[in-house]
Each structure stands twice: as structure tokens, then as C-alpha cells.
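> Please read through the structure below; I'll follow up with questions.
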Amino acid sequence: MDDYEYLVMQGCTILSEIGCGFHIAGFGSDDWGFDVSYDMSALVEQLPELLKGLASEGRGEVDFYSQGVERTVTFERVAGAYVLRCHSRTSWKPSPEVEYVDSVKMESMLTELASTFSTGLEAASSEISMLEPFRSWRGEQWNWNTGT
């Protein structure tokens, strides 16, 4: 996994070049203005650790560090849902600061993101799609304890 972040960045560049899109919203904003080539990598780089944390402790965090976005979202599983809290490091303020997402829906969204990322790389004939964990992300059996 030493090259994981580099491979994610390369994968995002490839997906951008073939015209893939990525949309993220929430906390009062219908569009966070993410692009695939740079902003998406911030999320995908942290995906395995997020999934491990959610599986083992019911908690996780994603730092959306991209310039202009600059916010952190924390996840905490409570009674069949995830409580998501957003902290902004810019003048933008989340409203509401807390959102609730059904745990099955949240886990499904994250699993689908990983699978679609890998499937997109495979469709682009990228060798990255055959490397781990990306190859496993296309599998039917998702292991929430390892993020693969």
C-alpha cells in the first residue's frame, strides 16, 4: 500500500481524462464543486481507513483537504444510522452541521464508490484496476473489516 495514494491520484487523472464525473453534496450545499482529477482523490485515498473504522468501531473521518473545499466530515454509527458532522475550514459554513444517513445506505454508497472507481479504471484499460485493493473493489464480496 506504499504506492496507494499515488495510484489513486493516477486513477483519478485517468477517470477525468475519459470523462467521468463525481458529485458530492450535503450540509446545505447541493454541490461541493468536486472535480475528478484532484478532489475525488482526497476521498478515495482515505476510503480504506474510513471503511475499516466504520466496520471496527462504527466511526471514521474524511478530510476533504482540497483547496476551496477544506472541510472534515466525521462519521459515527448510532442506532442503525450514521451521524455525520461537518467542520469547515473556510468561510463556508455547513447548515445543518449534522446530518443522519441510514447505515445500510451509507455503507452502500461507499461500497458503490469503490466499485465504480475500480470499474471505471477497468473500462479505461488501466493496469491500476488489476492492483489491490482496486481489483477487490469490483468483487461481489466486500470485506468491511479490511476495505477490500
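The values are calculated or read from the model by the stated rules, or taken from the named source; none is laboratory data. Note that the structure is predicted; figures quoted are calculated from it, not measured. So basically every Cβ, Gly included, is an ideal-geometry build from the backbone, and we count neighbours across all protein chains shown. With ligands, DNA and RNA removed, areas are computed over all heavy atoms of the protein, side chains included. Shrake-Rupley method; radii C 1.70, N 1.55, O 1.52, S 1.80 Å.
> Restricting to segment 75-118, what percent of DSSP beta bridges are antiparallel, rounded to 5?
Details: 9 of 9 bridges.
Here the antiparallel bridges make up roughly 100 percent for segment 75-118.
> Next up: Tally Lys and Arg at +1 and Asp and Glu at -1 over the other residues with C-beta under 14 Å from the C-beta of Ile14: what net charge comes out? The partial results should precede the final answer.
Details: positive: none; negative: Glu17, Asp35, Glu122, Glu127.
That works out to -4.
> Of all the accessible heavy-atom surface of segment 23-148, with the other protein chains kept in place and a 1.4 Å probe, what percent is carbon and sulfur?
Taking all protein chains in place, segment 23-148 shows 48 percent carbon and sulfur surface.
> Let me ask another. Could you report segment 68-107's accessible area per residue, 1.4 Å probe, as an integer in Å²? Mind dumping the intermediate values first?
Values: 2280 Å² over 40 residues.
For segment 68-107, the solvent-accessible area averages 57 Å² per residue.
> Right, another one. Just to be sure I understand the model, the point goes 7 Å from the Cα along the line to the Cβ. What's the resulting Ser37 to Ala124 distance in nm?
1.1 nm
> If you don't mind, another one. Looking only at the chain, where both bridge partners belong to it, what percent of the DSSP beta bridges are antiparallel (to the nearest 5)?
Numbers: 20 of 20 bridges.
That works out to approximately 100 percent antiparallel.
> Between beta-carbons, use under 12 Å as the cut-off and find the net charge around Phe117, counting Lys and Arg +1, Asp and Glu -1. Walk me through the numbers on the way to the answer.
Values: positive: Arg135, Arg138; negative: Glu45, Glu112, Glu122.
Within the 12 Å Cβ shell, the charges total -1.
> What angle do you read, to the nearest 10 degrees and between 0 and 90, between the alpha-carbon axis of helix 103-123 and the longest principal axis of the chain?
So the inclination is approximately 30 degrees.
> Still on this structure, I have one more. By how many degrees, between 0 and 90 and to the nearest 10, does the Cα long axis of helix 39-56 differ from the longest principal axis of the chain?
Rounded to the nearest ten degrees, it is 70.
> Let me ask something additional. What does the charge add up to near Gly33, with Lys and Arg as +1, Asp and Glu as -1, over the other residues with Cβ less than 14 Å from its Cβ?
Numbers: positive: Arg71; negative: Asp30, Asp31, Asp35, Asp39, Glu70.
Neighbourhood net charge equals -4.
> What spacing in nm lies between the two simple spin-label points modelled at Glu132 and Ser91, each 7 Å away from Cα in the Cβ direction?
4.8 nm
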